[in-house]
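Colleague: Structure provided below as structure tokens; questions to follow.
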Amino acid sequence: MPTKVEKDVVTGTNTTGHEWDGLKELNTPLPKWWLYVLYATIAWAAVWFVLYPSVPGITGYFPGILGYSQRAAVNTEVRAIEAQRAGTMDKIKALSFTEIRKDPQLMAAAEVAGRIAFANNCQPCHGAGGGGQPGYPALAAGGWIWGGSLDAIEQTIAYGIRSGDDKARDSQMLRFGVDGILKPDEIQKVADYVMTMYGKPTDRDVSAGRKLYADNCAVCHGEAGQGDREKGAPRLASHVHLHDDSRDAVVAQISAPRMGVMPAWHTRLDEATIKSLALYVHSLGGGE
């Protein structure tokens, strides 16, 4: 309970009448300059409160009398950047890969645009720098199924793989185990032989697997496992593999192959961006 107001004998200041455990509160007002600053900030906030978007509501928000929108401001900045880039991107669209690569400034601009587009669209699957991950090709490794030239890369980016587009890359591997084309023990023998193409040492007799491979697999993958780009058959005589290089992975792929899908980007990205992407991917280290 407040006590009566009295004057503090030490400072000569009136008390507020409040006391706690013998301690009395002095009635010391705030400095006037501090109060004036406080009032000014309140007034300043009120002005901005009215000028700019502020109060949320059930169906919307108070937009402010200036009608400012941060989204509109960002869109304006994006359009300005696009207008600035338009001349360069138009050149990239119009010129051939050879012509672009002969122009250092244009090539640098294309690689920057390609790197940005890759980070926004491709990196979640193919990894940073095109390092790849299981089931998604390592673009920097050069293990191309359909080819690693600029034109081949552009074709793959534009129309995809098994994407349903009329111009998409497409290939299918027979399900040798699921459809009973090969018996389980025959699949094991083929896997033993394929592992020798992978460069894996084995002490098993692979002669039976070699014959089974020649009869069933060589028509697509080649007699020496060199692959066939016209058919989209991967090269087996390689140290770069899409899923894994273990024997179990080989057996699984022969029995019930996993066939990946890549979207057709020509429906989402413009021609200049796709060309820039092709140039960037080609520059990662695996381009031909």
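Colleague: Being farther than 30 Å from residue 283 by Cα and either without any contact (Cβ under 8 Å) to a residue 40 or more places away in the chain or not assigned by TED's automatic domain parsing to the domain that holds residue 157 (or both): is that true of residue 124 here?
Modeller: Numbers: farther than 30 Å from residue 283 by Cα: no; either without any contact (Cβ under 8 Å) to a residue 40 or more places away in the chain or not assigned by TED's automatic domain parsing to the domain that holds residue 157 (or both): yes.
It is false that residue 124 is farther than 30 Å from residue 283 by Cα and either without any contact (Cβ under 8 Å) to a residue 40 or more places away in the chain or not assigned by TED's automatic domain parsing to the domain that holds residue 157 (or both).
Colleague: Just checking, which of 134, 104 is exposed (fewer than 15 other Cβ atoms within 10 Å of the Cβ) and under 20 Å from residue 162 (Cβ atoms)?
Modeller: Numbers: 104 fails: under 20 Å from residue 162 (Cβ atoms).
Matching residue, one of 134, 104: 134.
Colleague: When you look at residue 278, is it of a type in the set (Gly, Ala, Ser), touching a residue at least 12 places away in the same chain (Cβ under 8 Å) and not assigned by TED's automatic domain parsing to the domain that holds residue 210, yes or no? Step through it out loud before you land on a result.
Modeller: Details: of a type in the set (Gly, Ala, Ser): yes; touching a residue at least 12 places away in the same chain (Cβ under 8 Å): yes; not assigned by TED's automatic domain parsing to the domain that holds residue 210: yes.
Yes; evaluated as a whole, the condition is true for this residue.
Colleague: Here's a check for you: in region 150-169, which residue that is within 19 Å of residue 92 (Cα to Cα) and of a type in the set (Asp, Glu) is surrounded by the fewest Cβ atoms within 10 Å (Cβ to Cβ)?
Modeller: Filtering region 150-169 for residues that are within 19 Å of residue 92 (Cα to Cα) and of a type in the set (Asp, Glu), the one surrounded by the fewest Cβ atoms within 10 Å (Cβ to Cβ) comes out as 151.
Colleague: Return the residues of region 226-255 that are touching a helix residue (DSSP H, G or I) at 6+ places or on another chain (Cβ under 7 Å) and either β-branched (Val, Ile, Thr) or farther than 22 Å from residue 179 by Cβ (or both); say none if nothing qualifies.
Modeller: 227, 237, 250, 251, 254
Colleague: Of everything in region 141-161 that's of a type in the set (A, V, I, L, M, F, W, C) and outside any loop (DSSP other than H, G, I, E, B), which residue is nearest to residue 234 (Cα to Cα)? Outline the logic, then answer.
Modeller: Kept after step one, since they are of a type in the set (A, V, I, L, M, F, W, C), are these residues of region 141-161: 141, 144-146, 150, 152-153, 157-158, 161.
Going one step further and asking which of them are outside any loop (DSSP other than H, G, I, E, B), we end up with 150, 152-153, 157-158, 161.
Details: 150: 19, 152: 15, 153: 16, 157: 18, 158: 21, 161: 14 Å.
If we take residues in region 141-161 being of a type in the set (A, V, I, L, M, F, W, C) and outside any loop (DSSP other than H, G, I, E, B), then 161 is nearest to residue 234 (Cα to Cα).
Colleague: Residue 17: exposed (fewer than 11 other Cβ atoms within 10 Å of the Cβ) and over 30 Å from residue 127 (Cα atoms), yes or no?
Modeller: Numbers: exposed (fewer than 11 other Cβ atoms within 10 Å of the Cβ): no; over 30 Å from residue 127 (Cα atoms): yes.
No: the conditions fail for residue 17.
Colleague: When you scan region 58-74, do you find a residue that is of a type outside the set (A, V, I, L, M), within 57 Å of the chain's Cα centre (by Cα), closer than 30 Å to residue 269 by Cβ and exposed (fewer than 11 other Cβ atoms within 10 Å of the Cβ), even just one? Walk me through how you get there before you give the answer.
Modeller: Narrowing region 58-74 to residues of a type outside the set (A, V, I, L, M): 59-64, 67-71.
From what's left, within 57 Å of the chain's Cα centre (by Cα): 59-64, 67-71.
Now narrow it down to the ones that are closer than 30 Å to residue 269 by Cβ: 69-71.
Then keep just the ones that are exposed (fewer than 11 other Cβ atoms within 10 Å of the Cβ); that gives 70-71.
Yes: one or more hits.
Colleague: Could you tell me whether residue 235 is crowded, with 16+ Cβ neighbours inside 10 Å, charged (D, E, K, R) and without any contact (Cβ under 8 Å) to a residue 24 or more places away in the chain?
Modeller: Numbers: crowded, with 16+ Cβ neighbours inside 10 Å: yes; charged (D, E, K, R): yes; without any contact (Cβ under 8 Å) to a residue 24 or more places away in the chain: no.
Considered against the rule, which asks whether it is crowded, with 16+ Cβ neighbours inside 10 Å, charged (D, E, K, R) and without any contact (Cβ under 8 Å) to a residue 24 or more places away in the chain, residue 235 comes out as no.
Colleague: Looking at residue 17, is it on the phi > 0 side of the Ramachandran plot and modelled with pLDDT of 85 or more? Outline the logic, then answer.
Modeller: Working: on the phi > 0 side of the Ramachandran plot: yes; modelled with pLDDT of 85 or more: no.
Taking the combined requirement at face value, the residue does not satisfy it.
Colleague: Quick one: which of 143, 147, 131 is over 14 Å from residue 279 (Cβ atoms), of a type outside the set (A, V, I, L, M, F, W, C) and out of contact with any Ser or Thr (no Cβ under 9 Å at 6 or more places or on another chain)?
Modeller: Working: 143 fails: out of contact with any Ser or Thr (no Cβ under 9 Å at 6 or more places or on another chain); 147 fails: out of contact with any Ser or Thr (no Cβ under 9 Å at 6 or more places or on another chain).
Just one listed residue meets the conditions, 131.
Colleague: Residue 172 fails exactly one of the following numbered conditions: (1) buried (at least 16 other Cβ atoms within 10 Å of the Cβ); (2) at pLDDT below 95. What is the number of that condition?
Modeller: The one condition residue 172 does not meet is (1).
Colleague: List pairs: first in region 91-119 and under 22 Å from residue 263 (Cβ atoms), second of a type in the set (Phe, Trp, Tyr), Cβ under 7 Å, 6+ apart or cross-chain?
Modeller: Sorted first by the residue in region 91-119, then by its partner, the pairs are 114/280; 115/280; 118/280.
Colleague: Looking at this structure, is residue 138 under 15 Å from residue 286 (Cα atoms), outside any loop (DSSP other than H, G, I, E, B) and of a type outside the set (Phe, Trp, Tyr)?
Modeller: Values: under 15 Å from residue 286 (Cα atoms): yes; outside any loop (DSSP other than H, G, I, E, B): no; of a type outside the set (Phe, Trp, Tyr): yes.
Here the answer is no, as residue 138 does not meet what is asked.
Colleague: Of the conditions (1) loosely packed, with under 11 Cβ neighbours inside 10 Å; (2) over 38 Å from the mean Cα position of the chain (by Cα); (3) charged (D, E, K, R), residue 24 clears all except one; give me its number.
Modeller: (1)
Colleague: Tell me, please, whether a residue that is surrounded by fewer than 17 Cβ atoms within 10 Å (Cβ to Cβ) and under 20 Å from residue 161 (Cβ atoms) can be found in region 268-278.
Modeller: Of region 268-278, the ones surrounded by fewer than 17 Cβ atoms within 10 Å (Cβ to Cβ) are 268, 270-271.
Those left that are additionally under 20 Å from residue 161 (Cβ atoms): 268, 271.
Taking every residue of region 268-278 in turn, at least one turns out to be surrounded by fewer than 17 Cβ atoms within 10 Å (Cβ to Cβ) and under 20 Å from residue 161 (Cβ atoms).
Colleague: Turning to a different aspect of this structure: Take residue 51 and decide whether it is touching a residue at least 12 places away in the same chain (Cβ under 8 Å) and loosely packed, with under 12 Cβ neighbours inside 10 Å.
Modeller: Working: touching a residue at least 12 places away in the same chain (Cβ under 8 Å): yes; loosely packed, with under 12 Cβ neighbours inside 10 Å: no.
Considered against the rule, which asks whether it is touching a residue at least 12 places away in the same chain (Cβ under 8 Å) and loosely packed, with under 12 Cβ neighbours inside 10 Å, residue 51 comes out as no.
Colleague: Now for a separate question. Identify all residues within region 90-107 that are of a type in the set (S, T, N, Q) and not in a helix (DSSP H, G or I); write none if there are none.
Modeller: Going residue by residue through region 90-107, those that are of a type in the set (S, T, N, Q) are 96, 98, 105.
Residue satisfying the conditions is 96 alone.
The values are calculated or read from the model by the stated rules, or taken from the named source; none is laboratory data. Bear in mind that the values here come from a model prediction, so they are computed numbers and not experimental data. Cβ sites come from the backbone with ideal geometry, for glycine too, and all protein chains shown count toward neighbours.
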